[in-house]
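Student: Dropping a structure here in structure tokens format, bear with me for questions.
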């Protein structure tokens, strides 16, 4: 399928509103549109081994489908950041919390800076979501 | 403000940043999509904590720490695309700031976001918050070891 036909009728593809889920239907011809938060969303049906191309240089491969889980492979230029949506949402939430800060705590916060003897605190720390879901970065 | 920005014993090598630095974000901070222009202003005399303040009158402001001041072992791998975008020849040139969260004003439970540092090109005003691919860096790292 030529890339141009994928975009037809799809005016804006924006990050989806995190509070709702898109209404994704299944079409026999694998190609229709849904609206999501006022944004038109192109919906395609693909099978394992098939590919979606976005623009000239982004490919999304359907690697595996098992139960309700889909493994996708991405080929994209290095400057294109690819993240799970939930990670981005977590960062946005963390930023919103961080913006509630006041100046009251400044002195006490500065006192937490480690002395030179206390280096290496990060090395011992384990991420709150560390590696529980490693990137499926096998080439498609 | 006339004193030296950094406490030598804590950050001997990083004396390049001016006291107030304007930042132009290549991408807005997640959660604050309309703000790209910020300033970094020292929040206290020690050069340890900074305000990351939107230049918009109603914009957000954050407290941030120089990553190496509080987390000396922190050396995340920056995507090459970020270095390209910010004009960094070497990822080691970048200055990393981590945003602080102080839940309910409780300083003892303050955390720093190591998963998404604000990466600053020290020689220009270019910066962006980078969501690291490596999930080993926590979003909420306690500031108090």
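Taken together, the values in this text are just the output of simple stated rules run on the coordinates, not laboratory data. Keep in mind it's a predicted model, so treat the numbers as computed, not measured. In this analysis, Cβ positions are derived from the backbone assuming ideal geometry, glycine residues included, and neighbour counts consider all displayed protein chains.
Student: For A:36, B:137, which order do you get if you count the other beta carbons within 10 Å of each Cβ and list the fewest first? Numbers along the way, then the final one.
Tutor: Details: A:36 17, B:137 24.
Least to most surrounded, the residues fall as A:36, B:137.
Student: To continue, here is another question. How well do other chains shield peptide B:75-83, expressed as the mean number of their Cβ atoms within 10 Å of each residue Cβ?
Tutor: 2
Student: For residue A:82 and residue B:22, what is the calculated FRET efficiency with R₀ set at 22 Å and r taken between the beta-carbons, to the nearest 0.05?
Tutor: Efficiency for this residue pair is about 0.15.
Student: Do you know the relative contact order of segment B:25-105, to the nearest whole percent, from alpha carbon pairs under 8 angstrom that are 6+ apart?
Tutor: 21
Student: So for chain B, considering every pair of alpha-carbon atoms, how many percent are separated by more than 18 Å?
Tutor: Details: 5737 of 10440 pairs.
Summing the P(r) tail past 18 Å for chain B gives 55 percent.
Student: Looking only at B:70, B:62, B:32, which one moves most when chain B is put into a Gaussian network model with springs between Cα atoms under 10 Å?
Tutor: Top of the fluctuation ranking is B:32.
Student: Tell me whether segment B:48-105 comes out rounded, prolate or oblate; compute the Cα gyration tensor, take square roots of the eigenvalues as a ≥ b ≥ c, and use a/c under 1.5 as the rounded threshold.
Tutor: Verdict is oblate for segment B:48-105.
Student: What's the average, rounded to a whole number, of partner chain beta-carbon atoms within 10 Å of each residue's beta-carbon in B:48-55?
Tutor: Counting Cβ atoms of other protein chains within 10 Å of each residue's Cβ and averaging gives 2.
Student: Can you pull the Rg over Rh of segment B:96-145, Cα-only, Kirkwood? Intermediate values should be presented prior to the final figure.
Tutor: Numbers: Rg = 12.3 Å, Rh = 11.7 Å.
Taking Rg over the Kirkwood Rh, I get 1.05.
Student: Now a separate question. Return the average number of partner chain Cβ atoms within 10 angstrom of each residue Cβ along peptide A:86-94.
Tutor: If you average over the peptide's residues, the count of other-chain Cβ atoms is 6.
Student: Let me ask another. If I model a spin label as a point 7 Å beyond the Cα along the Cα-Cβ vector, how far apart are those points for residue B:109 and residue A:54 in nm?
Tutor: Calculated label separation equals 3.7 nm.
Student: In percent, how large is the relative contact order of chain B, given Cα pairs closer than 8 Å and 6 or more residues apart?
Tutor: The value is 20 percent.
Student: Next up: Tell me, B:97, A:88 in order of fewest to most beta-carbon neighbours within 10 Å?
Tutor: Ascending Cβ contact count within 10 Å gives the list A:88, B:97.
Student: Return a whole-number percent for the relative contact order of segment B:60-115, with Cα pairs under 8 Å and 6 or more residues apart as the contact set.
Tutor: 39
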